[in-house]
Amino acid sequence: MSNWYSKTKDQTLIDLETNEQHGLTDEIVSERLKQYGPNELATKQKRTLWQRIFAQINDVLVYVLIIAALISAFVGEWADASIIALVVVLNAVIGVVQESKAEQALEALKKMATPKAIVKRNGELKEIPSEHVVPGDIVMLDAGRYIPCDLRLIETANLKVEESALTGESVPVDKDAIYHPSMQSDEQVPLGDQKNMAFMSTLVTYGRGVGVAVETGMNSQIGKIATLLHEADDDMTPLQKSLAQVGKYLGFVAVAICIVMFLIGFLQGRDTLEMFMTAISLAVAAIPEGLPAIVSIVLAIGVQRMIKQNVIIRKLPAVEALGSVTIICSDKTGTLTQNKMTVTHFYSDNTYDHLENLNVNNDAQRLLLENMVLCNDASYNNESQTGDPTEIALLVAGTTFNMQKDHLEKIHERINEMPFDSDRKMMSTVHTYDDSYYSMTKGAIDKLLPRCTHIFKNGKIGDLTEADKNQILEAARAMSREALRVLSFAFKQYNSSNVDIDHLEENLTFIGLVGMIDPPRTEVKDSITECKKAGIRTVMITGDHKDTAFAIAKELGIAEEISEIMIGTELDNISDTELANKINHLNVFARVSPEHKVKIVKALRAKGNIVSMTGDGVNDAPSLKQADVGVAMGITGTDVAKGAADVVLTDDNFSSIVKAVEEGRNIYRNIKKSILFLLSCN
């Protein structure tokens, strides 16, 4: 797969033999469909019912039981033979039913593919089924449209793409069509940093763009995830391994009993046939035929008990595997955090504090709130919300101080605006304010502060001094140190509605800053502490930035030092053996891809750990399947993640995992007691 992000627009078009103005011809499209195949995800051939049944009986202990049933029938013990056969059949049925509910991950991936795409062919725009898109197609993008394949962007206008399910990024990503020379190094650039690329099944939330199709179907990033799902092995749980070992021992014991009893009788001169029948009967009696049924029943009871803890078990052995877990690997976004951008800090009128301490009676701080709500294109109420997550966070902050957007806009009507622009990195709106007019501006501090000449503090407007600027920048740095996303706000007063839009964002008056983050779930810190007490280590694995990941990890008690973090580019340059040697000292992995997550899980398992992987996005699916126990979020989790998981949390609560592990340990103890009881009786 080429590193398309490292190529210029012209080089990309040349390599794909396409034309930006005219697109591909029908003849070339036909050839490429034959060459690359349809733009859809391949799926493994489903196992037949008989293959599923065989998989359930392909077990040492079950083989021992089948032989015991055949021997019982041979010696005329039809009741024993029937009971053993019933146990084997019942066990197989339970397993097949459980499995029939699984293996839906790839189907869910296929559903994520978009039904339609707008492409340029023969110089004309056409809407076609997304599976007909081929490499070299010129694809049009606009807000609300899912991206049909992996694209190298060649033109953008304020384009933002929601990539959280694929990369773990908390907010929509600003995209551009720029060639970045810095990306020409041999190091693989993380997906979240490939600003000139757009990926299959991600969502355009704002703006528009044009891209050239570079990878389709199984060659796309989503396709690579599908491949990883194909390749993930279904390994045995600790209990299954133990039972297989018990089955071997029982088989050896049964054969040994047969031989010893037969030899004793033979040496004593007894009837050969009689001794053969006696030896066989004793061997059959030594086998605890109720063992598989007891194990299945205990696991099934455990499933019912876990439902009360908001935990749905999709695969029976996962009940016991949960009890054996020594490491919980957790995705950050939506699992450890709320997956909801939230304003937590503000700076205004020389005050830097938590948002809840903002004083609405302070003129500057009140105007800051009004700017947050009015200079905003999102909508929010208790029932629904639409728009950019950052803007929604600003509206939510306003409502906590009883500033609803619809009410405020009735008082201060919007009469003009300058939409957000990725070059300016600012947005401005003009509103009526009593007998005058205010322009409200928000944007990145490095873009907005240089345009400010005044500052609003102590109830009045004054000149913006160097001392003021230094204080503002120090507040911004303080927010950045806590991994907060910083937004700055300013305004300008007019006496007339005849506003010069070209000079709207000049000579501004600075009001303040806000810092926002996707905050940790309130209950998670206590749950992680409980895990530590139970001897379970928590590891954070995320596609988000290193600083953000460390800030959350430190707050939750997952990591204390920056040395405990490794990023995706470092994972690319380290062997599996080296990673396995270092893995016990690493608690946070940031800016990682789906392949990295699988590599991390494998390294942890290589050190003898029983690993649970928790996640909710498409990017988590391969590692969910690779782990000993995959745990998906039921509410925010994608169908792909839920399909790949062994366990689904119905309340999306990390704390439920801790309860499930505790329940799993109880179940494991009960199964051990049952096995010992049956063996001692036999």
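The values are calculated or read from the model by the stated rules, or taken from the named source; none is laboratory data. Small disclaimer: the values here were computed from a predicted structure and weren't measured. Cβ placement follows ideal geometry from the backbone for every residue including glycine, while neighbour counts extend to all protein chains displayed.
Structure above, values below:
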item: Odd one out for Val96 among (1) buried (at least 16 other Cβ atoms within 10 Å of the Cβ); (2) over 30 Å from Gly144 (Cα atoms); (3) modelled with pLDDT under 75; result: (1)
item: Condition check for Ser82: at pLDDT 80 or above, hydroxyl-bearing (Ser, Thr, Tyr) and out of contact with any helix residue (DSSP H, G or I) (no Cβ under 7 Å at 6 or more places or on another chain); result: yes
item: Search result, residues across segment 208-226 that are crowded, with 21+ Cβ neighbours inside 10 Å, in contact with a Ser or Thr (Cβ under 9 Å, 6 or more places away or on another chain) and more than 17 Å from Val119 (Cα to Cα); result: Ser220, Gln221, Ile222, Gly223, Ala226
item: Close pairs (6 angstrom Cβ cut-off, 6 or more residues apart or separate chains): assigned by TED's automatic domain parsing to the domain that holds Gly211 and small (Gly, Ala, Ser) in segment 12-36, outside any helix (DSSP H, G or I) and surrounded by 13 or more Cβ atoms within 10 Å (Cβ to Cβ) anywhere; result: Gly23/Lys120; Gly23/Arg121; Gly23/Ile138
item: Qualifying residues in segment 156-173 (those that are part of a loop (DSSP other than H, G, I, E, B) and in contact (Cβ under 8 Å) with a residue 60 or more places away in the chain) - the one surrounded by the most Cβ atoms within 10 Å (Cβ to Cβ); result: Gly168
item: Every residue from segment 143-155 that is part of a strand (DSSP E or B) and either touching a Phe, Trp or Tyr at 6+ places or on another chain (Cβ under 9 Å) or surrounded by fewer than 23 Cβ atoms within 10 Å (Cβ to Cβ) (or both); result: Tyr146, Asp150, Leu151, Arg152, Ile154, Glu155
item: Listing of helices (runs of 4 or more DSSP H) fully contained in segment 6-74 that carry 2 or more residues being at pLDDT below 90 and surrounded by 14 or more Cβ atoms within 10 Å (Cβ to Cβ); result: 49-57, 60-74
item: Among residues of segment 391-403, those that are free of Cβ contacts under 8 Å to residues at least 24 places away in the same chain and at negative phi, counted; result: 3
item: In segment 289-322, the residues that are crowded, with 22+ Cβ neighbours inside 10 Å and under 16 Å from Thr614 (Cβ atoms); result: Met306, Val311, Ile313, Ala318, Ala321, Leu322
item: Any hit, segment 615-625, residues being assigned by TED's automatic domain parsing to the domain that holds Glu530, touching a Cys at 6+ places or on another chain (Cβ under 9 Å) and under 16 Å from Thr337 (Cα atoms); result: yes
item: Candidates Thr529, Thr569, Thr522 - the one that is surrounded by fewer than 21 Cβ atoms within 10 Å (Cβ to Cβ), modelled with pLDDT under 90 and farther than 26 Å from Ala397 by Cβ; result: Thr569
item: Residue in segment 419-426 that is at pLDDT 95 or above, closer than 27 Å to Glu506 by Cβ and either touching a Leu at 6+ places or on another chain (Cβ under 8 Å) or crowded, with 17+ Cβ neighbours inside 10 Å (or both) present; result: no
item: Some residue of segment 505-514 being at pLDDT 95 or above, more than 27 Å from Thr614 (Cβ to Cβ) and of a type in the set (Phe, Trp, Tyr); result: yes
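For every residue, the table says whether it meets (1) in contact with a Phe, Trp or Tyr (Cβ under 9 Å, 6 or more places away or on another chain); (2) modelled with pLDDT of 95 or more; (3) of a type outside the set (Ser, Thr, Tyr); (4) closer than 30 Å to Asp646 by Cβ.
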{"residue": "Ser330", "(1), (2), (3), (4)": "yes, no, no, yes"}
{"residue": "Tyr347", "(1), (2), (3), (4)": "no, yes, no, no"}
{"residue": "Leu355", "(1), (2), (3), (4)": "yes, yes, yes, no"}
{"residue": "Ser379", "(1), (2), (3), (4)": "no, no, no, no"}
{"residue": "Phe401", "(1), (2), (3), (4)": "no, yes, yes, no"}
